[in-house]
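Following: one structure in structure tokens, then a few remarks.
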Amino acid sequence: MDVWIQQYPWLDELLMGFLGLTWKHVVMWAIGALLIYLAVKHDYEPSLLLPSGFGAVLANTPHSSAVSAIVASRFAQEL
């Protein structure tokens, strides 16, 4: 993998999210997918489960700008 990153330096930024992936992220993606499935297929409280499922998937994407922007703004406020 290091040979590819040395040859193509932009590949590191492109794959940064997937290189930081852990099993905990995958578990939360599965939970988010389950919530989305229940909201869409079985119509169980779709106004609650659908946004919660998408939030679970987006918040557990490694190095996601959805989370890093919130963390950076909170860190800037504390200083």
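The values are calculated or read from the model by the stated rules, or taken from the named source; none is laboratory data. It should be emphasised that the depicted structure is a prediction, and the values quoted were computed from it without experimental measurement. Calculation scope for accessible area: heavy atoms of the full protein, side chains included, ligands and nucleic acids excluded. Shrake-Rupley method; radii C 1.70, N 1.55, O 1.52, S 1.80 Å.
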Assess whether residue 45 counts as being charged (D, E, K, R) and modelled with pLDDT of 80 or more. yes
Taking the stretch 29-63 and keeping only residues that are assigned to a loop (DSSP other than H, G, I, E, B) and either open to solvent by 90 Å² or more (accessible area, probe 1.4 Å) or of a type in the set (S, T, N, Q) (or both), one is left with 41, 43, 44, 45, 60, 61, 63
